[in-house]
Amino acid sequence: QVQLTESGGGLVQPGGSLRLSCAASEQTFSNYAAGWFRQAPGKEREFVAVISRSGDNIDYADSMKGRCSITRDNAKNTVYLQMNSLKPEDTAVYYCAATLNYYAARAKDFYDYWGRGTQVTVSS
């Protein structure tokens, strides 16, 4: 059982940046691809980014390409999501998740573990 804990959310002005972190409870987290999803009020949870176990493969949602960067530090059991040029429409709860299936990682149904989420609000 892997427990995931997100942090780093908050209130930021449009055009600002945030760095989200996701800390895993188990070293076995390094065996999983790690993804970020987000869910705005009244909307479906949507894919943001995913990084493979080794970090060699990365995929981003079109809405975030060029504005975010996903990285991981397996020695620290932690995955990061750096988000820049934030827009009001990026406001959502951001979730970290772990999957054994990197190639299906855009689909939330393929994830085995989820964190509780961290709120990101982009507003002036």
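The values are calculated or read from the model by the stated rules, or taken from the named source; none is laboratory data. Just so we're clear, the structure is a prediction, and the values are computed from it rather than from any experiment. Every residue, glycine among them, receives a Cβ derived from its backbone with ideal geometry; neighbour counts consider all protein chains shown. With ligands, DNA and RNA removed, areas are computed over all heavy atoms of the protein, side chains included. Shrake-Rupley method; radii C 1.70, N 1.55, O 1.52, S 1.80 Å.
Once segment 44-59 is narrowed to residues that are in a strand (DSSP E or B) and open to solvent by 30 Å² or more (accessible area, probe 1.4 Å), the residue that is nearest to TYR111 (Cα to Cα) is GLU46.
Considering ILE51, ILE58, ILE70, the condition of being free of Cβ contacts under 8 Å to residues at least 24 places away in the same chain and among the β-branched types (Val, Ile, Thr) is satisfied by ILE58 alone. Residues in segment 97-113: is at least one modelled with pLDDT of 95 or more and closer than 23 Å to PRO14 by Cβ? The answer is no, given that none of the residues of segment 97-113 is modelled with pLDDT of 95 or more and closer than 23 Å to PRO14 by Cβ. In segment 7-40, which residues are over 24 Å from SER124 (Cα atoms) and touching a strand residue (DSSP E or B) at 6+ places or on another chain (Cβ under 7 Å)? Residues satisfying the conditions are CYS22, ALA23, ALA24, PHE29, TYR32, ALA33, ALA34, GLY35, TRP36.
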